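One structure is given here, and the rest of the page talks about it.
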Amino acid sequence: MGVIIAAREPLCQDTIASLLNIKTFAVGSLIMQIRPILKIDEMGLISVLHKSLNDILTTPTRCKDPRFFIILGQIHSDITVRCFELLHELNGSCPSATEIYASTFWADHLSKSNLQDSRTLLSKMERLVQYSMVKWVYCLAYTQRLDAVLSHSLESAMLFLSSRFSSDDNSNEKVPGLIHAFMDFCQVDSLAEDVLSKEWRAALKKIHEPYAAAEAKPKGGGSHTSRSY
């Protein structure tokens, strides 16, 4: 039920099963149990029948039974992790509906994820940057969603990094590297250059500036040269 509520668009049983990483028949069995509160269209896409139910099940003051209460931030964290896994598994062939969903909405789920899961998600994002960025972009291009998704996803990812990890915090050295990687991608990648407007580049650069400034500070009496964009 949590995945159905957290989803950014109605999903079919196969996609729900893939996001949960369970068998489709298991999802079908669960859906049969809660069928009266679901809307299933002629294409088999599933959503909640009444939006007010979302608020009831995700608000602790309204849903006092722990069996039914949904911690939405945790669901978003779990979906984000699964999306990163799916992006890493992209192989250049025709993407599945679940892979298209992961490519389109991973950043939306990331932005709504549990604060406590930030460091786990940071590690997953590092893997995306190292191994899967190009595969992700070409999946978007294949599905003709590049224009609509790329700039929004990059902004959401960088806002996640800048809002949850201070530029003055030396406890996690991965953050500046990821910030730089996204900036490099925005500046160098030919597809990104075609899609990202000057306004988007300026906005992303503004997010990057505190990290560049922090990195430029001499450490231990030595000198350091920051990147320029």
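The values are calculated or read from the model by the stated rules, or taken from the named source; none is laboratory data. Since the structure is predicted, the reported quantities are computational estimates derived from the model, not experimental observations. We place every Cβ from the backbone using ideal geometry, glycine too, and count neighbours over all the protein chains shown. When the accessible area is computed, the model is the full protein with side chains, heavy atoms only, and any ligands, DNA or RNA have been set aside. Shrake-Rupley method; radii C 1.70, N 1.55, O 1.52, S 1.80 Å.
Numerical summary
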{"quantity": "Some residue of the stretch 127-139 being part of a loop (DSSP other than H, G, I, E, B) and either open to solvent by 50 Å² or more (accessible area, probe 1.4 Å) or among the small types (Gly, Ala, Ser) (or both)", "calculated": "no"}
{"quantity": "Residues being of a type in the set (Asp, Glu), farther than 18 Å from Val3 by Cβ and under 19 Å from the mean Cα position of the chain (by Cα) - total across the stretch 53-110", "calculated": "1"}
{"quantity": "Single condition Ile37 does not satisfy, out of (1) touching a His at 6+ places or on another chain (Cβ under 8 Å); (2) closer than 27 Å to Leu128 by Cβ; (3) surrounded by fewer than 18 Cβ atoms within 10 Å (Cβ to Cβ)", "calculated": "(2)"}
{"quantity": "Contacts under 7 angstrom Cβ, first residue in the stretch 123-138 being acidic (Asp, Glu), partner in a helix (DSSP H, G or I), 6 or more apart", "calculated": "Glu126/Lys174; Glu126/Leu178"}
{"quantity": "Selection within the stretch 103-119 - open to solvent by less than 80 Å² (accessible area, probe 1.4 Å) and either in contact with a Pro (Cβ under 8 Å, 6 or more places away or on another chain) or in a helix (DSSP H, G or I) (or both)", "calculated": "Ser103, Thr104, Phe105, Trp106, Ala107, Asp108, His109, Leu110, Ser111, Asp117, Ser118"}
{"quantity": "Residue tally, condition surrounded by 19 or more Cβ atoms within 10 Å (Cβ to Cβ) and of a type in the set (Lys, Arg), over the stretch 40-95", "calculated": "1"}
